[in-house]
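Asks: Here it is, the structure, as structure tokens.
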Amino acid sequence: MRQLIAGNWKMNGLGADSVALARAIAAGATGITADLLVCPAALHLSGVVQAIRGSVVAIGGQDCHQDQQGAHTGDISAPMLRDAGAAWVILGHSERRQNHGETDELVREKTLAAVAAGLTPIVCVGETNDQRSGGQETEAVGWQIAGSLPKPFIGVIAYEPIWAIGTGRTATEDDVLDMHSFIREELIRQFGDAGHGIRILYGGSVKPNNAAGLLAVPNVGGALVGGASLNAEDFLAIARAAIAESGQGG
Ligand code: 13P
């Protein structure tokens, strides 16, 4: 399966910045063997859709509501994202879990809503610094997987250790190998054979200088990139480091 290189632009840039970034990524995307995805702020979706039209770059949202519609001031539904041109959505990012009190149960409901609307969800999991220093990282991630994924699960997992997000402190290749193997085993335990084919992305301070090493680790199906995805050259350099074809979900 091809690796997926996804850019999470978070709450950055104004409309014109997002359009310029999307254009630059689309222009440089030819010849890249990975699947490419950019996730701008919801407000910028339509501009980015225009900017990447005709290119291989796909578009995603950064969150959606668990209901298809209704009285939810300020929220955005999965069908609205789909209607705006998104094919993907990031769900349960640690910034949503921490800043908006999102629970595993809520993430599971959002995942169901996304799939029902025709979006492919990228469900994020990852331990805190305290959990890792206490030796509880696999237990924490195991609980998140058990609670956040509906059965069957059609989508992608992103392992993003919270201590590595935006810190410049990347997980070592050994950390990633251990955690991605654990996640693969959990997916197979929960979903049987289908668990082999679920892509598991790594996220947390992925940069051009560490991407090749991280993307070569077994069971890594791609990367979810924050800061470095705001620079087209850096994002494309990460995408060029992707492995052409990996055996299973990566
Ligand atoms: P950074 O790449 O900036 O560490 O962010 C990772 C992330 O949160 C992607 O969702």
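Asks: Who wins for biggest fluctuation among G28, G213, G70 in a Gaussian network model of the chain, springs between alpha carbons below 10 Å?
Replies: Its mean-square fluctuation being the largest, the pick is G70.
Asks: May I ask which residue of I154, H180, I165 lies farthest towards the positive end of the charge dipole of region 144-191, with charges of +1 (Lys, Arg) and -1 (Asp, Glu) on Cβ and the Cα centre as origin?
Replies: I154
Asks: Next up: Could you give the length gained on full extension between I154 and Q68, defined as 0.36 nm per residue of separation minus the Cα-Cα distance, in nm?
Replies: 29.1 nm
Asks: Now a separate question. With unit charges on the beta carbon (Lys/Arg positive, Asp/Glu negative), name the residue among A86, Q66, T111 whose Cα is farthest towards the positive pole of the charge dipole of region 65-116.
Replies: Positive-end residue among those listed: A86.
Asks: Let me ask another. Output the Kirkwood hydrodynamic radius of the chain, Cα pairs only, in Å rounded to one decimal.
Replies: 17.8 Å is the Kirkwood radius here.
Asks: What is the dipole size for region 1-82, taken about its Cα centre, with +1 at each Lys and Arg Cβ and -1 at each Asp and Glu Cβ, in debye to the nearest 20?
Replies: That gives region 1-82 a dipole magnitude of about 280 debye.
Asks: Oh, and also: Over the chain, what relative contact order in percent results from Cα pairs under 8 Å that are six or more residues apart?
Replies: Relative CO of the chain lands at 23 percent.
Asks: Right, here's the next one. Pairs to check: K10/K151; K110/K207; K110/K151. Give those whose C-alpha atoms are more than 22 Å from each other in this structure.
Replies: As for pairs spanning more than 22 Å Cα to Cα, those are K10/K151; K110/K207.
Asks: Let me ask something additional. Report the residue, chosen from G118, G92, G226, that carries the largest GNM mean-square fluctuation when the chain is represented by alpha-carbon nodes joined by springs under 10 Å.
Replies: Evaluated over the chain, the most mobile residue of the options is G118.
Asks: Specify the residue with the greatest mean-square fluctuation among W163, W143, W88, computed from a Gaussian network of the chain linking alpha-carbon atoms under 10 Å apart.
Replies: Most flexible of the set in this elastic network: W143.
No lab work stands behind these numbers, since they all come straight from the coordinates. These numbers were taken from a predicted model, which means no experiment stands behind them. Note: ideal-geometry Cβ built from the backbone for every residue, glycine included; neighbour counts use all protein chains shown.
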